[in-house]
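Before any comments, here is the structure.
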Amino acid sequence: RFQPAAGLMERIQAIAQNVSDIAIKVDQILRNSLLSGKVVEGRRDQCEVPRDPKYPDCAGKVEWMRARWTSDPCYAFFGVDGTECSFLIYLSEVEWFCPPLPWRNRTTASPSPTPLPQVQAAFQSDLAHLLELIGTGKESLSFMKKRIRHLAQQWLRAAQRLEQRLKGRHREQKHILIHIGFLTEESGDVFSPRVLKGGPLGEMVQWADILAALFLLGHSLRVTVSLKDLQSHLGVPPGRGNCPLTSSLPFDLIYTDYHGLQQMKQHMGLSFKKYRCRVRVIDTFGTEPAYNHEEYATLRGYRTNWGYWNLQPSQFMTMFPHTPDNSFMGFVSEELNETERQSIKSNKVSSMAVVYGKEASIWKGKEKFLAILNKYMEIHGTVYYETQRPPEVPAFVKNHGLLPQHEFQQLLRKAKLFIGFGFPYEGPAPLEAIANGCVFLQARFSPPHSSLNHEFFRGKPTSREVSSQHPYAEDFIGKPHVWTVDYNNSQEFEAAIKTIMSTQVDPYLPYEYTCEGMLERIHAYIQHQDFCTTTSPPLPAKGNSPAMQSSPSPLALAPNATHLVWFPRGSPEPQAWPPLSSLQVWLSQPQHSCTETCRRHGLVCEPSFFRLLNDKEVFLQLSITCDSTEYEMNHLYPAVAENVHECYLQKEPLLFSCAGYSTKYRRLCPCRDYRPGQVALCRGCL
């Protein structure tokens, strides 16, 4: 009976012996740990700031850390504790101002970032998941989701057509963050409350279409409209935003706006500079290079509240193709099928006009025009009001109040005329009206409106001169669909109305504003635009006379001797996008920008080609005499002051600019061809 008890005692003794052995081992480990800790502490206390010419800012940064390391909790998060060595560890491993410490284990100190998985992008055939990604909780989000649902069938058909055209092409799936900064609470979110009150919806129309296009092209998306979600997705450490991200950026691309750009800069620390090449900024009115370059903008008076980001100008993406220095993003307008087109043509009321403008303030002071228009046409308005009819809208106007998109479209399908009173500028509504068979009548601005003479444009990072309410409609569509007249001339205004009433027009929508056109354009940008690996042309060494050191030009005089064309002289054409074969070099007239110069030759200015023109040899090929040639920082260069035979080349690649002109200079302009109906892409760009 006692045998099991004896066996149990043996087992207990064995366990006790094991515990004793473990205790001894733990004690040894602790002793060793304390000893090594003392060595490390000794090292930590004995750290000296290294004097390494490769790290000239190290000493200054350590000095700053001594005084300010408690100013942001993020430093403590990364292990800074007030000792010299903790400063040096942080400045060499989290930031990169100091050399690595030789006694640090580099493998554990800075693990190599995990590359994003590479997957083939597949066109999507269902938008339900996108609607989930967009989320809820704001009127603006509801508006965007409603628009995506309304255009879903057109988007899906367009995606199928593009998929057929691109069959067999390798398309890598990108991880994309879409952060709509103007909808965050921190930026004021002024748009959401105005969605139901007739406020401007152009930006939300564009964002809805960008989301749909990126999703259908098969990319992996994350959508944020709050600062908290932005910080979470980026990996922002706790604190006030002075430290870099906790790990490498998990996105290939980030689409945002100026508000979002500011938020990212405030919270990403040094990582913002590292990753800003992945950012694409949705920018309605455009940002010209002179305003984008911080130093130049400050020195030359181009600094505004919105510019000075030192991005590549093509990272800014506009609503209309008005600034070739930027990329044209656009939006879409609803397309009609043949049945709808015939129905519109047979149901048009030639004496019916709809006024462009949902806010009562737009109608103020327009009584004279409305009285003339009322002699010939029944006038309809869609002005928002809550209880009482706005006094700015005359009694003879039939005001429908704010209409849902579908009902507004039905109104446009009946109306003959869609008339603008000068504001809002460059919105989507005129394109929708023209697509529904209306004629768009708008005011010509004389002098043109710009940041120099008009309050609306003041502070915007562009000197662009706007000659009418909707320059795209005026320049790219024109008569018979678009009439631009002097509203101060009553006779011209009245004559235009009479002619429009008797003019037959068909519904018209430029290809670049169709779903397929937008998908094609965004696909091309994602495939070909890379601002992270593009290298700038080498700049001259200081003190030399750089203009005297020209290499043979890959350009040749065209047969008619008016301009230069790409001529690689037997060597293979370098990989470039747009392809270099689309390049033509023209010399501007004084007072003409390169944008205007290229347009006059049926071409578009292509800023990525400026680097090929920035050479004295090009002046010689165009028979321009250069008594002197200088490299300087000026957004008008390369250019020649002909009266004194002085030639100027560009010193700062970020200042290559299609925009800008002077009476003093004739500019060297890089132009390219473009696909019919798709000005953003050259003929060989797909």
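The values are calculated or read from the model by the stated rules, or taken from the named source; none is laboratory data. Here the structure is a predicted model, which is why all the values come from computation and not from measurement. Cβ sites come from the backbone with ideal geometry, for glycine too, and all protein chains shown count toward neighbours. Remember, those area values only see protein heavy atoms, side chains included, never the ligands or the DNA or RNA. Shrake-Rupley method; radii C 1.70, N 1.55, O 1.52, S 1.80 Å.
Considering only residues in region 184-205 that are at pLDDT below 85 and in a helix (DSSP H, G or I), the one that is nearest to Lys228 (Cα to Cα) turns out to be Ser192.
For region 600-631, how many residues meet the condition of being in a helix (DSSP H, G or I) and touching a residue at least 60 places away in the same chain (Cβ under 8 Å)?
9
A Cβ distance below 8 Å, combined with a sequence gap of six or more or placement on separate chains, defines the contacts here; from region 395-412, residues that are of a type in the set (A, V, I, L, M) reach residues that are surrounded by 16 or more Cβ atoms within 10 Å (Cβ to Cβ) and part of a helix (DSSP H, G or I) in the pairs Val397/Leu370; Leu403/Leu411; Leu412/Glu432; Leu412/Ala433. Restricting region 134-158 to residues that are in a helix (DSSP H, G or I) and of a type in the set (S, T, N, Q) leaves a set whose member that is least open to solvent (accessible area, probe 1.4 Å) is Ser140.
Scan region 497-506 and tell me whether some residue there is loosely packed, with under 15 Cβ neighbours inside 10 Å and in contact with a strand residue (DSSP E or B) (Cβ under 6 Å, 6 or more places away or on another chain). No: region 497-506 contains no residue that is loosely packed, with under 15 Cβ neighbours inside 10 Å and in contact with a strand residue (DSSP E or B) (Cβ under 6 Å, 6 or more places away or on another chain).
When Leu681, Leu686 are checked against the criterion of being closer than 30 Å to Cys515 by Cβ, at pLDDT below 95 and not aromatic (Phe, Trp, Tyr), a single residue qualifies: Leu686.
Give the number of residues within region 395-418 that are more than 26 Å from Tyr508 (Cα to Cα) and touching a helix residue (DSSP H, G or I) at 6+ places or on another chain (Cβ under 6 Å). I'd like the intermediate steps shown before the answer.
Taking region 395-418 first, the residues more than 26 Å from Tyr508 (Cα to Cα) are 395-399, 401.
Add one more test, that the residue is touching a helix residue (DSSP H, G or I) at 6+ places or on another chain (Cβ under 6 Å), and what stays is 396.
Within region 395-418, residues that are more than 26 Å from Tyr508 (Cα to Cα) and touching a helix residue (DSSP H, G or I) at 6+ places or on another chain (Cβ under 6 Å) number 1.
From the list Trp586, Trp566, which one is modelled with pLDDT of 95 or more and touching a helix residue (DSSP H, G or I) at 6+ places or on another chain (Cβ under 6 Å)? If you could, list the steps in order and put the result at the bottom.
Details: Trp566 fails: modelled with pLDDT of 95 or more.
Going through Trp586, Trp566 in turn, the sole match is Trp586.
Only residues that are among the aliphatic types (A, V, I, L, M) and either in contact with a helix residue (DSSP H, G or I) (Cβ under 6 Å, 6 or more places away or on another chain) or open to solvent by 40 Å² or more (accessible area, probe 1.4 Å) (or both) were counted in region 222-235, giving 3.
Restricting to region 313-343, name every residue that is more than 30 Å from Gly660 (Cα to Cα) and open to solvent by 10 Å² or more (accessible area, probe 1.4 Å). Please lay out each step first, then the result.
Filtering region 313-343 for residues more than 30 Å from Gly660 (Cα to Cα) gives 333-343.
The answer is Glu334, Glu335, Leu336, Asn337, Glu338, Thr339, Glu340, Arg341, Gln342, Ser343.
Go through Leu221, Leu230 for me and flag whichever is outside the structural domain of Leu402 (by the TED database), of a type in the set (A, V, I, L, M) and either over 18 Å from the mean Cα position of the chain (by Cα) or not in a helix (DSSP H, G or I) (or both). Full working, then the answer.
Values: Leu230 fails: either over 18 Å from the mean Cα position of the chain (by Cα) or not in a helix (DSSP H, G or I) (or both).
None of the other options fit; the residue is Leu221.
Residues of region 626-661 that are within 12 Å of Pro289 (Cα to Cα), in contact with a His (Cβ under 8 Å, 6 or more places away or on another chain) and among the polar types (S, T, N, Q): Ser657 alone. Residues in region 586-599 that are in a loop (DSSP other than H, G, I, E, B) and of a type in the set (Asp, Glu): 0 in all. Among the residues of region 344-367, those identified as open to solvent by less than 40 Å² (accessible area, probe 1.4 Å), in contact with an Asp or Glu (Cβ under 8 Å, 6 or more places away or on another chain) and part of a strand (DSSP E or B) are Met352, Ala353. Looking across region 368-419, the residues that are of a type in the set (Val, Ile, Thr) and either more than 37 Å from the chain's Cα centre (by Cα) or assigned to a strand (DSSP E or B) (or both) come down to Ile372, Ile379, Thr387, Val393, Val397, Ile419.
Number of residues in region 636-686 that are assigned to a loop (DSSP other than H, G, I, E, B), over 26 Å from Ser450 (Cα atoms) and either open to solvent by less than 10 Å² (accessible area, probe 1.4 Å) or among the hydroxyl-bearing types (Ser, Thr, Tyr) (or both): the value is 4.
Scanning for something farther than 30 Å from Arg66 by Cβ, open to solvent by 60 Å² or more (accessible area, probe 1.4 Å) and modelled with pLDDT under 95, does region 99-109 turn up at least one residue? Show your work before the answer.
Restricting attention to region 99-109, the residues satisfying the condition of being farther than 30 Å from Arg66 by Cβ are none.
There is no residue in region 99-109 that is farther than 30 Å from Arg66 by Cβ, open to solvent by 60 Å² or more (accessible area, probe 1.4 Å) and modelled with pLDDT under 95.
Can you tell me which of His449, His470, His406, His481 is under 15 Å from Ser333 (Cα atoms) and either open to solvent by 50 Å² or more (accessible area, probe 1.4 Å) or modelled with pLDDT of 95 or more (or both)? Reasoning before the result, please.
Working: His449 fails: under 15 Å from Ser333 (Cα atoms); His470 fails: under 15 Å from Ser333 (Cα atoms); His481 fails: under 15 Å from Ser333 (Cα atoms).
Answer to the selection: His406.
Looking at region 238-297, the helices (runs of 4 or more DSSP H) lying wholly inside it that each contain 2 or more residues that are in contact (Cβ under 8 Å) with a residue 60 or more places away in the chain and surrounded by 22 or more Cβ atoms within 10 Å (Cβ to Cβ) sit at 258-268, 289-292. Residues that are farther than 30 Å from Val383 by Cβ and either crowded, with 16+ Cβ neighbours inside 10 Å or touching a residue at least 12 places away in the same chain (Cβ under 8 Å) (or both) within region 166-212 comprise Leu166, His170, Arg171, Glu172, Gln173, Lys174, His175, Ile176, Leu177, Ile178, His179, Glu186, listed in sequence order.
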